[in-house]
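Below is one structure, written out as structure tokens; comments come after it.
The values are calculated or read from the model by the stated rules, or taken from the named source; none is laboratory data. The structure displayed is predicted, hence computed values, not measured ones. Cβ: placed from backbone, ideal geometry, glycine included. Neighbour counts: every protein chain shown. These accessible areas exclude ligands, DNA and RNA; they are computed on the full protein's heavy atoms, side chains included. Shrake-Rupley method; radii C 1.70, N 1.55, O 1.52, S 1.80 Å.
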Amino acid sequence: MKKLAVLLPTFNAAPYIKESIDSILNQTFADFDLYVYDDCSTDATASIIAEYTDVRLYYRKNVENLGISKTLNRGLDELLPHYEYIARMDADDWSYPERFQKQLDYLEQHPATVLCGTQGYWLKDISQEPSSAWKYPVSHEYIKHYLLFGATFNHQSIMFRANFLLENNLRYDEKITTCEDWEFWTRIVKLGSIVNLPEFLIKCRILPYSNHHSPLNKVRHFQERSNIISNYWSFFDVNLSPTQIFDFYYSEEKLSKEEFLKNCTILIQSFNKVKRQTDLVSEEKKIFSYLLARKLLNYWKRSQVSRSNPVIWWTIIREVRFVNKLKLIKSIIR
């Protein structure tokens, strides 16, 4: 069995794919094979790849356009039986040279970890070298809870333990077209330990019309997100429908005071329950409590209900258990 395969799907990414491939071929850890799966690109992708002579590079072209989930599964079906680890990469992003070595070192030293991501800079200009940026959670326990609100990983930074996916017959859900990664993590986290390294080891290119940012995909993207999050809340024994998730997380619809109070109570009770189930270290508990408070206040703001209503204030003060009430009140006032 070989050590590492890199799975890179692409579709019409000719302006960026050379930078992406070069960043992989120039890794300090060199014992890997790079597989580019072309989902029927109509641009110059094939001719760009044909110029490479590196024997580690393999090109596969789908006979028809399959979409991202099916293309990724095609790659997993081919690669999982033959490699110890599978790394992901996207055709428009860039990896730092030490990325693979640091991920492999971590996975070799932590045999219980089945998936390892890294931090990533999100940039319109990939040539920039930021000094700092917002970070994803790093520990398994915090990732498990953060998945209730965000995808929690840079998909293109992931490295899997191949036998874990094989033994559990894990693949991407091919019905999902805009956030297949998020749904995948919600299943993996229930079966094995997953982490993010604290280091920034990848640059992620911000494109205005990428898959889930495309205006054509906007409605479907929110539907898929709401379904995924609703299903995942049930893991914490909380029943919130996809419609409720959309309302709580994304809707901009103006609500009456009565509607908001009813929904606000449900949201607070859900947050109280999930907070009781956490096994986070002290600092993570504070961060998670603050995250829940921000989500509640964001819902209040989107609902366009006045913050001066005493009944709402009383409801929140009476019901909230997931965060220090004095700090929450200060946040509301601000």
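The antiparallel fraction among DSSP beta bridges confined to the chain stands at about 20%.
Roughly how many percent of the accessible protein surface of region 98-209 is carbon and sulfur, given a 1.4 Å probe and a whole-percent answer? After summing per-atom areas, the C and S share lands at 51 percent.
Note that region 232-290 shows a convex hull volume over its alpha carbon atoms of 97 Å³ per residue. Rounded, prolate or oblate: which one fits region 63-161, using the alpha carbon gyration tensor with axes a ≥ b ≥ c (rounded when a/c is under 1.5, else prolate when a/b beats b/c, else oblate)? Because its axes are fairly even, with a/c under 1.5, region 63-161 counts as rounded.
Near residue 179, once Lys and Arg are set to +1 and Asp and Glu to -1 for all other residues with Cβ below 9 Å from its Cβ, the sum equals -3.
Applied to region 145-151, the Karplus parametrisation 6.51 cos²θ - 1.76 cosθ + 1.60 on θ = phi - 60° returns per-residue 3J(HN,Hα) values of 7, 5, 4, 5, 10, x, 5 Hz, with x for Gly and Pro. Once the 1.4 Å probe is applied to the protein heavy atoms, the chain comes out at 47 Å² accessible per residue.
The dipole here belongs to the chain: it is taken about the Cα centre, uses +1 on the Cβ of Lys and Arg and -1 on the Cβ of Asp and Glu, and is about 2040 debye.
For region 1-76, give the percent of accessible area contributed by carbon and sulfur heavy atoms, probe 1.4 Å, rounded to a whole number. Heavy-atom surface of region 1-76 belonging to carbon and sulfur, 1.4 Å probe: 54 percent.
If I take all pairs of Cα atoms in region 116-247, what percentage of them are more than 26 Å from each other? Value for region 116-247 (Cα pairs over 26 Å): 26 percent. For the pairs 254/330; 135/286; 102/124, note any where the Cα-Cα span goes beyond 18 Å. Correct reply: 254/330; 102/124. Once the Cα atoms are used to define both axes, helix 257-276 deviates from the longest principal axis of the chain by about 60 degrees.
Taken along the Cα-to-beta-carbon direction at a fixed 7 Å, the label points for residue 259 and residue 314 span 2.4 nm.
An oblate overall shape is assigned to region 203-320, the ratio a/c of its alpha-carbon gyration tensor axes (a ≥ b ≥ c) being 1.5 or greater and a/b not exceeding b/c. The trypsin sites (Lys or Arg not before Pro) of region 144-190 that meet both conditions, a loop assignment by DSSP and at most 14 other Cβ atoms within 10 Å of the site Cβ, are 175, 190.
Backbone amide hydrogens, once placed in the peptide plane, bring residue 61 within less than 5 Å of 38, excluding anything fewer than 5 places away on its chain.
Cross-link pairs exceeding 18 Å between alpha carbons, from the set 3/144; 70/218; 273/295: 3/144; 70/218.
Starting from the Cα gyration tensor of region 61-119, take the square roots of the eigenvalues, sort them a ≥ b ≥ c, and report rounded, prolate or oblate (rounded when a/c is under 1.5, otherwise prolate if a/b is larger than b/c, else oblate). Oblate, since a/c reaches 1.5 and b/c is not below a/b. For the chain, report the % of Cα-Cα distances exceeding 31 Å. Looking at the chain, the distances longer than 31 Å represent 37 percent of pairs. Taking a sphere under 11 Å around the Cβ of residue 307 and counting the other residues whose Cβ falls inside, with K and R at +1 and D and E at -1, yields a net charge of +2. If you average the C-alpha positions of region 86-129 and of region 140-167 separately, how far apart do those two centres end up, in angstrom? Distance between centres, Cα-based: 13 Å. If only the Cβ of Lys and Arg carry +1 and only the Cβ of Asp and Glu carry -1, the dipole of region 101-244 around its Cα centre is close to 300 debye.
The fraction of accessible area contributed by carbon and sulfur in region 289-333 is 59 percent, rounded to a whole number (1.4 Å probe; ligands and nucleic acids excluded).
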